[in-house]
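These notes concern the structure reproduced below.
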Amino acid sequence: MINILDLTPEELKQKLKESGEKPFRADQILNWIYEGVFSFDDMKNLGEGTRALLKREFSVDVPEIIKLLKSVDGTRKGLLKLKDSHIIEAVLMKYEHGYSVCISTQVGCRMGCSFCASTKEGLIRNLTAGEMIGQILALQQVAGERISNLVLMGSGEPLDNFDEVARFLGMVSSPWGLAIGQRHITLSTCGIAPRIRDFADLDNQVTLAISLHQPTQAERQKLMPVAWQHDLTSLFEALRYYQTKTNRRISFEYALVDGVNDTPEAAQALRVLLRGLKCHVNLIPLNEIKDGLYKKPDLKKIEAFRARLESFNIPTTIRREMGSDIDAACGQLKRSFLDQGGDDVGGEDV
Ligand code: SF4
């Protein structure tokens, strides 16, 4: 079975032609799908023969939402079951300007960041572009309106699944698909320097966010094993290449951990590191994970750290903690679900 979500119109036309079907049907089929109709039987302008062929050879693999948790702030986190029964997470967030979805790019992750629940079992497999699109389609049905913003910040390291993610970014922003403008998409990476250069060479408008979290090499490699292979020097060389090539502002994600990276010395080190880069720092009060080593600083310390960075002319925001009551940090919900043998972790049954 071919998952139609993995195909561009041109590719679907070609496949239909090979099966003896008229290529123009591809546009009709994709129109239905991107309007939210996933069953071939409901695609009313297709003849019976076409529908029979589609059922024989194709599928529309929108993942099944097996659990949906709703936070007091309206954030919804879904546990989504893929066709091969692997489970991933995706999050739907409501902002004033519309809905945003955070998707996963891999089942599991091999990057080993010490604060992350998604990496506990390592990488299980990469997701295809169609499986990434499927997550958005599933949550768009929950939202009941168009998704306008997208972040690649769920489980998985997007640049470790480079080819499928690059393909996905092209597809999801195309007018025939979900038409999410590239400037409304953010890709977050832990910092695989050579892939950042490849990403710069794609010449797209997607925002790049770096999970930095520590401004010194010695401390960062304790927190994020990727830093052993791609140290801060090579990471920032790659970022300077990226900025020269794209002229895009870079976001730095900085999860504030009490007594670890919220000190005046850390702020000073950050100042030195970011010098000369057009950037923005997003402070994220740590979303504590079950059995995790780290704690979140209190509000006073968070504000003091922000004020210090701003005094260095580094634009800084504190990200509001969305969905912290529903395990919204990377991999946490899946973890609770698996820890309970796949039993109820609360929330809406769907
Ligand atoms: S934070 Fe991201 S890159 Fe790091 S282990 Fe978790 S999913 Fe992987």
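Please calculate how many Å² of accessible area segment 194-307 carries per residue, with a 1.4 Å probe and no DNA, RNA or ligand atoms counted. Normalised by residue count, the accessible surface of segment 194-307 is 48 Å².
Based on Cα contacts under 8 Å between residues 6+ apart, segment 169-269 shows a relative contact order of 30 percent. Accessible-area rank, largest first, for D201, D61: D201, D61, with all protein chains present and a 1.4 angstrom probe.
From its DSSP helices (H runs of at least four residues, each -39,500 (n - 2.57)), the chain gives a residue-normalised ellipticity at 222 nm of -10500 deg cm²/dmol. Legend: residues L299, L16, sorted from most to least accessible area (1.4 Å probe; ligands, DNA and RNA excluded), read L299, L16. Against the main long axis of the alpha-carbon atoms of the chain, helix 162-172 sits at an angle near 60°. Rolling a 1.4 angstrom probe over the protein heavy atoms with all chains in place gives segment 2-59 an accessible area of 51 Å² per residue. Which residues in segment 227-258 have a backbone N closer than 16 Å to a point placed 7 Å from the Cα of D198 along the Cα-to-Cβ line? Counting only backbone N, you get 230, 238-239, 242. Note: relative contact order over segment 218-305, using C-alpha pairs below 8 Å and six or more positions apart, is 31 percent. Compute the helix-to-body angle for 129-143: its Cα long axis versus the longest principal axis of the chain, expressed 0 to 90° and rounded to tens. Tilt relative to the chain: about 90 degrees. Axis angle, to the nearest 10 degrees, between helix 48-57 and the longest C-alpha principal axis of the chain: 50 degrees.
Ligands, DNA and RNA left out, the accessible area of segment 2-59 computed with a 1.4 Å probe is 48% carbon and sulfur. For the modelled label position 7 Å from the Cα of E18 along Cα-to-Cβ, which residues of segment 105-140 have backbone nitrogen atoms closer than 18 Å? Answer for segment 105-140: 129-130.
V257 exposes around 10 Å² of accessible area when a 1.4 Å probe is run over every protein chain in place. Computed on the chain, with alpha-carbon pairs under 8 angstrom and 6+ residues apart, the relative contact order is 16 percent.
With a simple spin-label model that places each label point 7 Å from the Cα along the Cα-to-Cβ direction, the separation between T317 and D84 comes to 3.7 nm.
Using heavy atoms of the protein chains and a probe of 1.4 Å, the accessible area assigned to V60 is about 30 Å².
Extending 7 Å from Cα along the Cβ direction at E121 and again at D73 yields two label points whose distance is 2.9 nm. Near A193: Cβ cut-off under 15 Å, other residues only, Lys/Arg at +1 and Asp/Glu at -1. The net charge is -1. Using a 1.4 Å probe on the protein heavy atoms, what percent of the accessible area of segment 64-339 belongs to carbon and sulfur? Of all accessible area on segment 64-339, carbon and sulfur atoms account for 50 percent.
For segment 1-88, the number of Lys pairs with C-alpha atoms closer than 27 Å, counting only pairs eight or more positions apart or on separate chains, is 22. Heavy atoms of the protein chains alone define the surface here; on that basis segment 87-176 has 33 Å² accessible area per residue at 1.4 Å probe size.
The values are calculated or read from the model by the stated rules, or taken from the named source; none is laboratory data. Keep in mind that what you see is a predicted model, and the values were worked out from it rather than measured. Counting neighbours? That spans all protein chains shown, and the Cβs are built from the backbone with ideal geometry, glycine included. Heads up: the accessible areas ignore ligands, DNA and RNA and are worked out on the full protein's heavy atoms, side chains in. Shrake-Rupley method; radii C 1.70, N 1.55, O 1.52, S 1.80 Å.
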